[in-house]
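Comments concern the structure below.
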Amino acid sequence: MAISRGLMRCMAVLCGLALVPATARAQKPGAEKLPEAVRKTFEAKFPGAEIEKIESEEEGGVMVYDVEFRHEGHEKETDIAADGTMLEFTLVIEARAVPEAAMKPIRAAAEGARMKRVEEIKITHETRGGKVVKLPRTATHYAVEMTKGGKTAEIVVDADGKVVEEPNWGAAK
């Protein structure tokens, strides 16, 4: 009898857990800090992701949430507007994955420096005048962090090698 009572209790607990909504069990650490529209987009695009950092700031008159996370074994980042529109998606990649046209200005800027984090950024929307604007086509940028003589910089180029953001050599991080 004692065994069957223990078994019954265990089954009752398991049945109770099955009734807990899946979203409550699968809630990502930090996801509760995101507005509902942002959280829903994030969880739909990256199910099972582990949030590492959340920052928010106003860009072009729109509140944007920058979420750094791990998903499917990769370091990733996304910017999502307060209305739930995903603006861009970033994947940390190896330098060898950057197209040669984009690597040429990166190598020139990194001369004498050590290249560190390399990112591929897919941009589908931007913020302008308080609105989210869809781009006519997805833009791909590559960002590379560099260190030289105790200073750091980042260069951003498009897929064709046009420099989008020049490196600004600041203090070491």
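The values are calculated or read from the model by the stated rules, or taken from the named source; none is laboratory data. A quick note: this is a predicted structure, and the numbers were derived from the prediction, not measured. Reconstructed Cβ throughout: ideal geometry from the backbone, glycine too, with neighbour counts over all protein chains shown.
Please state which one of 80, 106 is of a type in the set (A, V, I, L, M, F, W, C), touching a strand residue (DSSP E or B) at 6+ places or on another chain (Cβ under 8 Å) and within 22 Å of residue 153 (Cα to Cα). Steps first, answer last, please.
Numbers: 80 fails: within 22 Å of residue 153 (Cα to Cα).
On inspection, the qualifying residue turns out to be 106.
Candidates in segment 124-159 are the residues that are exposed (fewer than 10 other Cβ atoms within 10 Å of the Cβ) and at pLDDT 95 or above; of these, the one that is nearest to residue 90 (Cα to Cα) is 137. As a summary of the residue check, residue 77 satisfies the conditions (1) over 25 Å from residue 32 (Cα atoms); (2) surrounded by 15 or more Cβ atoms within 10 Å (Cβ to Cβ); (3) of a type outside the set (A, V, I, L, M, F, W, C) except for the one numbered (1). Go through segment 72-82 and give me each residue that's at pLDDT below 95 and within 10 Å of residue 46 (Cβ to Cβ). 72, the sole residue that qualifies. Residue 165 falls short of the stated requirement of being modelled with pLDDT of 95 or more, within 24 Å of residue 75 (Cα to Cα), surrounded by fewer than 18 Cβ atoms within 10 Å (Cβ to Cβ) and out of contact with any strand residue (DSSP E or B) (no Cβ under 9 Å at 6 or more places or on another chain).
Take the conditions without any contact (Cβ under 8 Å) to a residue 40 or more places away in the chain and part of a helix (DSSP H, G or I) and apply them to residue 39. Does it pass? Yes.
Any idea which residue in segment 11-69 is modelled with the lowest pLDDT, counting only those that are among the β-branched types (Val, Ile, Thr) and more than 15 Å from the chain's Cα centre (by Cα)? I'd like the intermediate steps shown before the answer.
Initial filter on segment 11-69 (among the β-branched types (Val, Ile, Thr)): 13, 20, 23, 38, 41, 51, 54, 62, 64, 67.
Filter once more, keeping what is more than 15 Å from the chain's Cα centre (by Cα): 13, 20, 23, 62.
Values: 13: 41, 20: 41, 23: 38, 62: 97.
Taking the candidates together, the pick is 23.
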